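The values are calculated or read from the model by the stated rules, or taken from the named source; none is laboratory data. Since the structure is predicted, the reported quantities are computational estimates derived from the model, not experimental observations. Positions of Cβ are generated from backbone atoms using ideal geometry, with glycine treated the same way; all protein chains shown enter the neighbour counts.
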Amino acid sequence: MSDTVRQELFVHIRWMIRRDMPEVTAIESASFEFPWSEDDFVRCLRQRNCIGMVAESEERIVGFMIYELHRSRLHVLNFAVNPACRRRGVGGKMIQKLTGKLTTERRDRILLEVRETNLSAQLFFRDLGFRAISVLRDFYDDTVEDAYLMQYRHVDPAAAEASQRIRRLAG
């Protein structure tokens with residue numbers, strides 16, 4: 001592993017469109033042992049509550065995310081960054097965009113599953129404020145591997161500040 005600092009990439013995050021599929025599926029194949037096919041992406045995105053976003057840098061797709069809208073939560077189904085662009089802020093910016101959609105009144109949390117063997121993803125999401133809330137036994141169709149269900153909860157800044165004040169006063 002190199003000691004050089006990797007420069008953060010400037011990215012534009014936008015909705016995924018059909019024309020993005022070749023680059024998205026290339027990132028998917030480079031990222032996962034059991035990748036989604038283009039048909040898997042299209043089938044998912046045709047559902048009313050399923051949304052795709054991409055991170056673009058210099059007119060190239062460098063990351064993507066597929067998530068579902070539910071009444072009180074967002075559920076990330078698929079998420080990857082081009083291996084050559086990892087550790088350059090792309091994934092963090094995409095998650096930041098997603099957490100910006102949360103409110104205390106409506107959707108207040110994000111859920112996602114991470115393979116038990118994918119330590120780098122577990123640490124990435126933990127560093128962004130996600131917490132493992134349960135283990136999903138034999139979760140995947142392609143292996144007998146378990147998954148961690150991870151959750152990010154939106155906290156109203158005013159409520160968090162009031163809670164801290166109360167804890168300080170309580171001693």
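Within the stretch 134-167, being touching a Leu at 6+ places or on another chain (Cβ under 9 Å), closer than 18 Å to ASP108 by Cα and either charged (D, E, K, R) or at pLDDT below 95 (or both) holds for ARG153, HIS154.
Among GLU28, GLU8, which is in contact (Cβ under 8 Å) with a residue 24 or more places away in the chain and over 24 Å from MET150 (Cα atoms)?
Working: GLU28 fails: over 24 Å from MET150 (Cα atoms).
When all the criteria are applied, what remains is GLU8.
For the stretch 121-161, the tally of residues that are outside any strand (DSSP E or B) and over 13 Å from the mean Cα position of the chain (by Cα) stands at 18.
Hey, does the stretch 136-145 have a residue that's in contact (Cβ under 8 Å) with a residue 12 or more places away in the chain, surrounded by 15 or more Cβ atoms within 10 Å (Cβ to Cβ) and aliphatic (A, V, I, L, M)? Checked the stretch 136-145: no residue is in contact (Cβ under 8 Å) with a residue 12 or more places away in the chain, surrounded by 15 or more Cβ atoms within 10 Å (Cβ to Cβ) and aliphatic (A, V, I, L, M).
Selection of the stretch 76-120 for residues being among the small types (Gly, Ala, Ser) and buried (at least 20 other Cβ atoms within 10 Å of the Cβ) yields ALA80, GLY91.
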